[in-house]
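Trainee: Please find one structure pasted underneath; my questions will follow.
The values are calculated or read from the model by the stated rules, or taken from the named source; none is laboratory data. Computed from a prediction, not measured in an experiment: that's the story for all the values here. Neighbour counts run over all protein chains shown; Cβ positions are idealised from the backbone, glycine included.
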Amino acid sequence: MELSRSPAVRVGLSIAVATGLYGVSFGALSVASGLDLLQTMALSLLLFSGGSQFAFIGVVGGGGTGAAAMSAASLLGIRNAVYGMQMNAMLRPRSLRRFAAAQVTIDESTATATGQSDPQEQARGFWVAGIGIYVLWNVFTLAGALLGNALGDPAQWGLDGAAVAAFLGLLWPRLKAREPAAIAVVCALVTLLTVPFVPAGIPILVAAAVAALAGWFSSGPPREGLEPDVEPYPTEGHR
């Protein structure tokens, strides 16, 4: 199949463009939070996880410590380790490709790969989305950081709320079922209630703990109307 006709390539490219553009907001908010250009670029080049990056600068910008910022970013990045195990079993990368695959294993590349049924298309979707987003995210992070320095005070342009808006933009499309959406609402309320009483960076850690507890106690057999949309594993007679 020609790459131009590959559905996984088309999906991967469209996702790469749409997601990469968020890098502008991150770059501008990062320098506004007190990080310099090199620190901002290091976060995008090395950490490369949108939610974790926004959490990091959100804590730093709010006056939190570096430890609190790293804790918040790490909690949000745990999901990538789960994705990594799934992608390793699906794609089985070898040699140096394993390191490259680990770096670009994010929500979007995982979703693009798992949305395909053909093994070759799964690999194409993963690499196109992952590499495409990595390149564009860093390009637009640089543009946003340079733009942020030129603009000055982000509050004058409304950029002080852009991190929250961008983070919600990344998160909300993933909350398709009622239960995850309900947990997200509860965590948001917990965060709002704890903000006035604890140091910066702690509310997101409290919300993460609440989410973990909610997920733990709600696990079990799917309830009617909330079954996940996945195919069962093949058994005898089901091939």
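Trainee: hydroxyl-bearing (S, T, Y), crowded, with 16+ Cβ neighbours inside 10 Å and farther than 24 Å from V17 by Cα: is that true of S109 in this structure? Quick ask: steps written out before the conclusion?
Mentor: Working: hydroxyl-bearing (S, T, Y): yes; crowded, with 16+ Cβ neighbours inside 10 Å: yes; farther than 24 Å from V17 by Cα: no.
In short, no.
Trainee: Give me a count of the residues in the range 18-48 that are of a type outside the set (F, W, Y), under 30 Å from G115 (Cβ atoms), out of contact with any Ser or Thr (no Cβ under 9 Å at 6 or more places or on another chain) and at pLDDT 90 or above.
Mentor: Total meeting the criteria: 2.
Trainee: Any residue in the range 47-64 that is loosely packed, with under 14 Cβ neighbours inside 10 Å and not small (G, A, S)?
Mentor: Initial filter on the range 47-64 (loosely packed, with under 14 Cβ neighbours inside 10 Å): 63.
Next, only the ones that are not small (G, A, S) stay: none.
No, the range 47-64 has no match at all.
Yes or no, residue by residue, for (1) within 10 Å of A145 (Cβ to Cβ); (2) of a type in the set (V, I, T); (3) in a loop (DSSP other than H, G, I, E, B); (4) without any contact (Cβ under 8 Å) to a residue 60 or more places away in the chain:
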{"site": "V11", "(1), (2), (3), (4)": "no, yes, no, no"}
{"site": "F26", "(1), (2), (3), (4)": "yes, no, no, no"}
{"site": "L29", "(1), (2), (3), (4)": "yes, no, no, no"}
{"site": "L38", "(1), (2), (3), (4)": "yes, no, no, yes"}
{"site": "L45", "(1), (2), (3), (4)": "no, no, no, no"}
{"site": "G51", "(1), (2), (3), (4)": "no, no, no, no"}
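Trainee: Let me ask another. Just give me the residues in the range 13-24 being surrounded by fewer than 21 Cβ atoms within 10 Å (Cβ to Cβ) and either outside any helix (DSSP H, G or I) or among the aromatic types (F, W, Y) (or both), in sequence order.
Mentor: Within the range 13-24, just L21 meets the criteria.
Trainee: Test of understanding: among V82, V104, V59, which residue is modelled with pLDDT under 90, under 14 Å from the mean Cα position of the chain (by Cα) and hydrophobic (A, V, I, L, M, F, W, C)?
Mentor: On the way: V104 fails: modelled with pLDDT under 90; V59 fails: under 14 Å from the mean Cα position of the chain (by Cα).
When all the criteria are applied, what remains is V82.
Trainee: Looking at the range 13-24, which of its residues are closer than 16 Å to W127 by Cα and in contact (Cβ under 8 Å) with a residue 12 or more places away in the chain?
Mentor: L13, I15, A16, V17, T19, G20
Trainee: Can you say whether A101 is buried (at least 19 other Cβ atoms within 10 Å of the Cβ) and under 30 Å from L192 (Cα atoms), as far as the supplied structure shows?
Mentor: No: the conditions fail for A101.
Trainee: Mind counting the residues in the range 114-124 that are over 19 Å from R94 (Cβ atoms) and crowded, with 22+ Cβ neighbours inside 10 Å?
Mentor: 0
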